[in-house]
Amino acid sequence: MIAVTPRQLIYLLTKVQYGLSDKQVARMHGVHEQTVKNHFHRLRQRLGVHTTPHAIYVLWPVIEPMLEAVAKTQHKMPSTAGTLDSLSRSHLG
């Protein structure tokens, strides 16, 4: 398995789960857009791919179970899901 840093995985999961741009991922996590771009660039280099969608494809066996776990948690705790939705709306404008 290719080593992926926790931060790279968090940004990638956010991008996939919410369908966000790099700029929106940055806003949601309170970092500069260039920081997110740098993480994605290093991730693509490690995976030997040229695009973020290709990185998602390569990492899908890791990403999919995590997204399913998040979805189950949000369904069990609707107030948390609502908080996440309102948080993303407030940060994304």
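The values are calculated or read from the model by the stated rules, or taken from the named source; none is laboratory data. All values derive from a computational prediction rather than experimental measurement. Heads up, the Cβs are rebuilt from the backbone with ideal geometry, glycines too, and the neighbour counts pull from every protein chain shown. Heavy atoms of the whole protein, side chains included, go into the accessibility calculation; ligands, DNA and RNA do not. Shrake-Rupley method; radii C 1.70, N 1.55, O 1.52, S 1.80 Å.
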- prompt: What pairs can you find where one residue is in the range 8-32 and basic (Lys, Arg), the other is outside any helix (DSSP H, G or I) and surrounded by 15 or more Cβ atoms within 10 Å (Cβ to Cβ), and their Cβ atoms are less than 9 Å apart, with a gap of 6+ or different chains?
  reply: ARG27/LEU20
statement: The one condition LYS72 fails out of (1) loosely packed, with under 13 Cβ neighbours inside 10 Å; (2) out of contact with any Lys or Arg (no Cβ under 9 Å at 6 or more places or on another chain); (3) at pLDDT 90 or above is (3)
statement: If we keep only residues of the range 3-24 that are of a type in the set (A, V, I, L, M, F, W, C) and not in a helix (DSSP H, G or I), then the residue most open to solvent (accessible area, probe 1.4 Å) is ALA3
field: Matching residues in the range 10-47 - criterion: being of a type in the set (A, V, I, L, M) and in contact with a Leu (Cβ under 8 Å, 6 or more places away or on another chain)
entry: LEU12, LEU13, VAL16, LEU20, MET28, LEU43, LEU47
field: the range 34-57, residues that are free of Cβ contacts under 8 Å to residues at least 12 places away in the same chain, farther than 15 Å from GLN17 by Cβ and open to solvent by 40 Å² or more (accessible area, probe 1.4 Å)
entry: GLN34, THR35, ASN38, HIS41, ARG44, GLN45, GLY48, HIS50, THR51, HIS54, TYR57
